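Structure record follows, encoded as structure tokens.
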């Protein structure tokens, strides 16, 4: 009987400590570049950054393929500076944002697109 009580107390203590431990956010698994491109257009990112995230000096900067970590990208999209509106979780979910990030990161370097400019 004492063993059963001891086991029950150990299990309850473990459950209590797990409940109190802070949960680390797990980055969402993106569906991919194609889903990200569709979201990039449907959410309206293209209006300032162009359909290929190429940017414009008049509307918004080029977005890809800079090596910016997802956490920094997410922080900026959620709480931007300047004229960009915030895209909260209510507007763009974390998973959708990860897909947009996958699309932006897949954009080629401009010089690599033009054969004469290749090294």
Open item on the list: Quick check on the stretch 56-85: of everything there that is in contact with a helix residue (DSSP H, G or I) (Cβ under 6 Å, 6 or more places away or on another chain) and surrounded by fewer than 16 Cβ atoms within 10 Å (Cβ to Cβ), which residue is farthest from residue 37 (Cα to Cα)?
Closed with: 59
TODO: Could you please find all residues in the stretch 24-67 being closer than 12 Å to residue 105 by Cα, in a loop (DSSP other than H, G, I, E, B) and modelled with pLDDT of 85 or more?
DONE: 32, 52, 53, 54, 62, 63
- [ ] Go through 107, 118 for me and flag whichever is at pLDDT below 90 and closer than 18 Å to residue 50 by Cβ.
- [x] 107
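The values are calculated or read from the model by the stated rules, or taken from the named source; none is laboratory data. Note that the structure is predicted; figures quoted are calculated from it, not measured. Every residue, glycine among them, receives a Cβ derived from its backbone with ideal geometry; neighbour counts consider all protein chains shown.
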